[in-house]
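*Asks:* Below is one structure. I have some questions about it.
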Amino acid sequence: AWCPLSPTGAQTTQLLVEPPWMPAVLWDRVTLTCQGLGTTGATTWYKNGLQWGQEVCDCITVTVSGTYTSERTGSGLSPPVNISDEELVLQVPVWPLLEGDTVTLRCWG
């Protein structure tokens, strides 16, 4: 699993998207996993900026479109991930791409 580092080198809270395609869409059966160095045992989830729940598990399967973030005590709030319900979408891999990389795109509708 890939978890980016902050500019200072300290790991912050990140949301991993499975399957690893962006934009994430509901019909792709998206699972979000909250990762970070914070306290284990409880992850606070937010949907559209409002607290959506607290789970012992660090992962959720998304069933409603919206913008999701997660928080773990000690490593803060993750960057947002938007889950859409668009009917036609062009997707790219979630990992960083460099100039010259070969890229596979997915077009779904």
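*Asks:* Quote the FRET efficiency, to the nearest 0.05, computed for Arg106 versus Thr73 with a Förster distance R0 of 25 Å and r equal to the Cβ-Cβ distance.
*Replies:* The formula returns an efficiency of 0.10 here.
*Asks:* Lys and Arg at +1, Asp and Glu at -1: add these up for the other residues within a Cβ distance under 10 Å of Thr43 and post the number.
*Replies:* -2
*Asks:* Another one. What is the chain's relative contact order, in percent, from Cα pairs under 8 angstrom and six or more apart in sequence?
*Replies:* 28 percent
*Asks:* Relative to the Cα centre, what is the charge dipole magnitude of the chain, using +1 at the beta carbon of each Lys and Arg, -1 at the beta carbon of each Asp and Glu, and rounding to the nearest 20 debye?
*Replies:* So the magnitude is around 220 debye.
*Asks:* Would you please put 43-54, 21-32 in order of how densely packed they are, using the mean number of other Cβ atoms within 10 angstrom per residue and starting with the highest?
*Replies:* Result, highest mean first: 21-32, 43-54.
*Asks:* Could you state the accessible area per residue of the chain in Å², with a 1.4 Å probe and every protein chain left in place?
*Replies:* Per residue, the chain has an accessible area of 62 Å².
*Asks:* How charged is the neighbourhood of Leu15? Take every other residue with its Cβ under 14 Å from the Cβ of Leu15, and add Lys/Arg as +1 and Asp/Glu as -1.
*Replies:* Summing Lys and Arg as +1 and Asp and Glu as -1 gives -2.
*Asks:* Order the following by accessible area, largest value first: Val64, Val17. Probe radius 1.4 Å; ligands, DNA and RNA are ignored.
*Replies:* Val64, Val17
*Asks:* Rounded to the nearest percent, how much of the accessible area of segment 14-108 (1.4 Å probe, protein heavy atoms only) is carbon and sulfur?
*Replies:* The nonpolar share, carbon plus sulfur, comes to 55 percent.
*Asks:* Please give the direction-averaged projected area of the C-alpha convex hull for the chain, in square nanometres with one decimal.
*Replies:* It is 7.4 nm².
The values are calculated or read from the model by the stated rules, or taken from the named source; none is laboratory data. Computed from a predicted structure; not experimentally measured. Don't worry about glycine lacking a Cβ; one is built from the backbone with ideal geometry, like all the others, and counts go over all protein chains shown. Areas reflect the complete protein model, heavy atoms only, side chains present, ligands, DNA and RNA absent. Shrake-Rupley method; radii C 1.70, N 1.55, O 1.52, S 1.80 Å.
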